[in-house]
Structure formats: structure tokens, C-alpha cells
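Notes to accompany the following structure.
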Amino acid sequence: MIAKKVSISFCCFCLALIFAVSSRPAFGKTIKLNWVSFLPKTAAETRLVQKFFIDKVNEQSKGELIIRFRGGPETFGAFDIPKAVQRGVVDIGMVFVGAIEPLVPGVQADMLSQITIDEERRPGGAYDFLQRLYNKANLYYLGKYSTGSGFFYTWLRKKRVEKRADFKGLSIGGTTAAQPAALAWGCTYTPIPLSESYSAMERGVVDAISAQPASSWKNFGNYEVSKYVIANLSTGFLNVCRK
């Protein structure tokens, strides 16, 4: 059975695209950029970025620019991706915004935005403000696309949660964005990478995993080790580039 309502707000996380442009090659040579993701290549989110951003850029560049996928979580940990992009080790990295916060303080505030993407893009608006934040870390903000409502969830191993008191004593795992809420609910908190969420739930390392998209839960097979799910807040995907 699915528990859909609780008396408190849930935290969520965003995804981010980070892209570093290395020195341009001599005239007439193809520019080649590599990108990595904190999610596997088979994950729905990674496939969407590949199809609607990477493939379109490759197609429209007509051979002048080629962007190639170079690996998922087996290549870099989520919190290492922003640093790798910043240092030019890789050119593009997809990662949730919580992993960028240490380099770009305050950037997670974009998760609270209730205006449309087009509104954010208006001159002098939210996009320009975020751009200045990213530029301080030698990154360049590309933009985001909305994921709609009900995107992120808290998945429970055994216990059904219907009110705040039910959280007492639970151990919750997840991303950095989930930590403040978990602690406020009276839970203990353990950072758990997405790729390890299945084993953590199966072995009982944690009682729940928070800030997880339904698609990732399906791709990792985590539905096999969770009995209940609580709908969280909606969010969006962020896209940023190195300055």
C-alpha cells in the first residue's frame, strides 16, 4: 500500500549538467568533449539528456563538435563530478545540484523556484542571477527543464509512515538534499549513493531511502526491497557549463 500524505514537507534534489570547454583546437579540427553521469548510461534521465541535448548538439554541429559519453557512476562519484569538470578532467558531467553546492553555495535555492523556465530566462532574472553564482566557481549555467510534480519520493523498507511521529527511530539514506529533512523528522541519516540504494535496503543498512526518482528506483530494481513509498516535492533538472 502506498502512503501519499504526511504532515510535513519533503526535501528534494535536482540534477545538474556541468560542462567545461577546454582550449579550442586549430581551425578546421573537430572539437571533442567527454561527459559523465552520476547515473548509469541505461538510466532514463541519462538517456533523456543524451537524446534531447547531446544528440541534438552533435547533429546540429555537423561534425564540428562531438560530445561522447564516457561513463556512469563507475567513473566518478557524484561529489567528484563537479570537481572533475571544474579542473577540466572531463568536459560534461550530470549530477544532482546538492553535489554542486560545495562549489557554488546557494545554488540549491533554484529547487524552490515556482516560475517557468522561460520566465527564469528573461534578462535580469533568475537565470542571470544563477549564472553569476556559477561563474564564481568557473562554471557556466546552461539552464534546466522541469520534471513536473511527484518526481522524487521516500521509499520505505518495511514501516508505513502516515504522520511525523512515525519517522522517529528510522534510519534514512539518500543524498545531501535529503539530510536536513531526515534529521528534522527525528531520523538518523546515512549518505547512500544511488547505485548502492538496493543493497542498503536489502541488507537493512537503512530503513528508507529519500530523494529518489521513480525511474531510478525502477532501473535499480529497488522496488523489490521497498514496501511503501511517500510522494515528495516536485523539482527540475539544472544545466550548467564551465565559464
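Label separation (A44 vs K32): 3.4 nm, computed from points 7 Å beyond Cα along the C-beta direction. The simple Förster model, with R0 at 45 Å and r as the Cβ-Cβ distance, assigns R132 and K218 a FRET efficiency of 0.75.
Only aspartates and glutamates eight or more places from K218 in sequence, or on another chain, were considered; those with a Cα closer than 14 Å are E45, E196. With a 1.4 Å probe rolled over the protein heavy atoms of all chains, the accessible area of K29, K159 falls in the order K29, K159, largest first.
Of the residues Y141, Y127, the one with the largest accessible area comes first in the ranking Y127, Y141, computed with a 1.4 Å probe on protein heavy atoms. With a Förster radius of 30 Å applied to the beta-carbon distance between R121 and T190, the computed FRET efficiency rounds to 0.20.
The overall shape of region 48-149, judged from the alpha-carbon gyration tensor, is oblate: a/c is not under 1.5, and a/b is no greater than b/c. Taking Cβ atoms as reference points and 9 Å as the exclusive limit, the residues near L156 contribute a net charge of +4, counting Lys and Arg as +1 and Asp and Glu as -1.
Across region 131-141, computed HN-Hα scalar couplings (Karplus, 6.51 cos²θ - 1.76 cosθ + 1.60, θ = phi - 60°) run 4, 5, 5, 5, 4, 4, 9, 6, 10, 10, 7 Hz from first to last residue, x flagging Gly and Pro. With a ≥ b ≥ c the root eigenvalues of the C-alpha gyration tensor of region 38-90, is it rounded (a/c under 1.5), prolate (a/b larger than b/c) or oblate? Since a/c reaches 1.5 but b/c is at least a/b, the shape of region 38-90 is classed as oblate. A simple rule links phi to the HN-Hα coupling: the Karplus curve 6.51 cos²θ - 1.76 cosθ + 1.60 with θ = phi - 60°, which for region 48-54 gives 5, 4, 4, 6, 9, 10, 4 Hz, with x for Gly and Pro. Near G186, once Lys and Arg are set to +1 and Asp and Glu to -1 for all other residues with Cβ below 9 Å from its Cβ, the sum equals +2. Taking K136, K144 and ordering them by how much accessible surface each has at a 1.4 Å probe, largest first, produces K136, K144.
Computed over neighbours whose Cβ is under 12 Å from that of P40, the net charge equals 0, Lys and Arg +1, Asp and Glu -1. Annotation: per residue accessible area for region 101-145 equals 60 Å², rounded to a whole number [probe 1.4 Å, protein chains only]. Projecting label points 7 angstrom from Cα along Cα→Cβ for Q114 and K56 puts them 2.8 nm apart. Each residue was assigned an accessible area with a 1.4 Å probe, and for F129 the value is about 110 Å². Computed log10 I(q)/I(0) for region 57-213 at 0.15, 0.17 Å⁻¹: -0.98, -1.15, from the Debye equation with unit scatterers placed on every C-alpha and solvent omitted.
Note that region 156-208 presents 47 Å² accessible area per residue, ligands and nucleic acids not counted, probe 1.4 Å.
The values are calculated or read from the model by the stated rules, or taken from the named source; none is laboratory data. This is a predicted model, so every value here is computed, not measured. FYI the Cβ positions are ideal-geometry reconstructions off the backbone, even for glycines, and counts take in every protein chain you see. Ligands, DNA and RNA are stripped out before the accessible areas are found, and what is left, the full protein with its side chains, is counted by its heavy atoms. Shrake-Rupley method; radii C 1.70, N 1.55, O 1.52, S 1.80 Å.
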